[in-house]
Amino acid sequence: MRTTLQRRAFLRAFAAATAATRWPAFARSPEGQVFDDAVAGQPWLKPFKGVTDQDLRCDALSLSGKWPAEFRGRFYRNGPALNERDGQRYHHWFAGDGMVQQFSFSGGAKPAVRHLGRLVRTPKLVAEQKAGKFLFNAYGTRIEGGEPAQGPDSFNVANTNAMEHAGRVLAMWEGGSAFALSPDDLATLGPVTWQQGLAQMPFSAHPKLDAKGNLWNFGSAGANLVVWHVDPMGQLVKAQIGESPYPGGMAHDAAITERHIVLPLPPVKLNFGEDVTGGKAFTHEPKEPLRILVMKKDDIAQRRVFELPSQMVFHVGNAHERADGSIVLSFVSSPTPEFLMHGASSLVAGHPASFGGSSTQLAVLDMRTGKVRVEGMQDTVEFPRAHPLRNGQATRHLLTVASWDRGAGRPQWFHGLQLRDLQTGRTQRHDYGPGTVVEEHIVVPKPGKQGELDAWLLGTSFDTANGVTRVNLLDARHLADGPVAQATLPYGLPYGFHGNFTAA
């Protein structure tokens, strides 16, 4: 009975919140016309145009460099893709319907790379396809005369991350169910209900896998938090429900340690159903601190809240416990949520914007005293990733996209990669060049290897001159040398957020 009542509390919280190459052609609405005109002078904005309802497929990407024969598997990425329908554009980058990209690598003596991109067939997408127009409010976008929501999955866009786990691909969003896809053809199988009575409970977009293959995740709505533990076979072990120390606050990413979940809670709230054009879609409370909630995995009621100076955090790198019981957490933060509140809406409107001053931070959380010490790095980075086999364990190296040259002719976006040694502070960097926008890269362990630098770095980039997306493979020990191999699509993809690799 208690679980049922808590689930109802979650759903009530959501109900209250809902008061040049082969790029698709669109009808030119006033909003679309403004965006198209902007792209003519700023071609790096083109991926924000988005896609139509059609799938994307290329069975043989153009290859260059030397693809390792042992590099086999599937690389998934997810992000907002369908941003315009019936002449109306979404007003925030985070609103678009999700499209999962799958790159399949065959390896062997004659390596080949195949691409498939499919929109996640959520109930929202299917209903709007039939209607030929947007029906539901979305992130930072109010749809006048829209349909009432019947729970979080009515407006779930499944657009933030994709991970293959226990034989199915999970397409994940911020506030509703994960959607299961087939790894064979990315067909949408439907929303995942981990246990009877927990339908539509929020399953966030940043789950973490521990060394044994257990999946840990959280969800939030209003004053409530849920922590999920899913075993390597995809079966729910435990779902715990508790209260947030910052009710209504944004919770985007979390780290794990051997015994704890570490969840940053920045001082910003989303007012779902409000439009960014009216300035009410987000509430920033600069007098509130950045809270870091540390919860015991086996009992989230055992917790401690650390308070840091007010700042914005989207993403964490990794966390681990030291011998003295303190927790070391790496993350990326910026002084304010400027990008969330303004930058991400400017981009889909065709106005250049950047991530701004987001930088690497290293915090030591003293679990005995409640004190925290933070060391800030001098860099401009985002999308931190650590070695996947070391989630929750001590890690020395942190991979990020980075920007360090704002010279004339460069997009106001990330143009390179950075691998930082967190012990020495030294960095390896590679600049993809002024005509390239760099997206998240991930760390892929080499077969049979355990060392942090015995790995490949894998990620996508957009060639602004040719309007195409590339997949890049680098050696972690020699990042500064640039890609050892590249695969080029004959078309461009929408900019995405996050992804993961599954070895074959």
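The values are calculated or read from the model by the stated rules, or taken from the named source; none is laboratory data. None of these values were measured; they are calculated from a predicted model. Virtual Cβ from ideal backbone geometry, glycine too; neighbours counted across all protein chains shown. Just so you know, the surface numbers come from the protein's heavy atoms only, side chains and all, with ligands and any DNA or RNA stripped out. Shrake-Rupley method; radii C 1.70, N 1.55, O 1.52, S 1.80 Å.
Simple spin-label estimate for Gln33 and Ser106 gives 4.8 nm between the two label positions (7 Å along the Cα-to-Cβ direction from each Cα). For the range 306-323, the Karplus equation 6.51 cos²θ - 1.76 cosθ + 1.60, evaluated at θ = phi - 60°, returns couplings of 9, 10, 10, x, 3, 6, 9, 10, 8, 10, 9, x, 7, 8, 7, 9, 8, 4 Hz by residue, with Gly and Pro reported as x. Our estimate of slack between Arg396 and Asp185, defined as 0.36 nm per intervening residue step minus the Cα-Cα distance, is 72.3 nm.
Using a probe of 1.4 angstrom and keeping all protein chains present, the accessible surface of the chain works out to 38 square angstrom per residue.
Quick check for you: which residues of the range 139-183 have the amide N under 19 Å from the point 7 Å beyond the Cα of Thr283 toward its beta carbon? Of the residues in the range 139-183, 139-142 have backbone N under 19 Å from the label point off Thr283. Using the rule -39500 (n - 2.57) for each DSSP H run of four or more residues, divided by the residues of the chain, the 222 nm mean residue ellipticity is -2500 deg cm²/dmol.
When the pairs Lys297/Lys449; Lys49/Lys208; Lys124/Lys296; Lys238/Lys280; Lys208/Lys446 are compared against a 27 Å limit on Cα-Cα distance, Lys297/Lys449; Lys49/Lys208; Lys124/Lys296; Lys238/Lys280 fall above it. If a paramagnetic tag sat 7 Å from the Cα of Asp53 along the Cα-Cβ line, which residues of the range 84-125 would have the backbone N under 14 Å from that point? What the label zone holds, given the 14 Å backbone N cut-off, is 84-87, 119-125. Once you order the gyration tensor axes a ≥ b ≥ c over the Cα atoms, which shape class does the range 111-267 get: rounded for a/c under 1.5, otherwise prolate or oblate by comparing a/b with b/c? Cα axes put the range 111-267 in the oblate bin. Note that the range 31-109, at 4 °C in a medium of 1.567 mPa s, gets a Stokes-Einstein diffusion coefficient of 86 µm²/s from its Kirkwood radius over C-alpha pairs. What value does the range 185-244 have for Rg/Rh, both radii from Cα atoms and Rh as Kirkwood defines it? Result for the range 185-244 is an Rg/Rh of 0.98.
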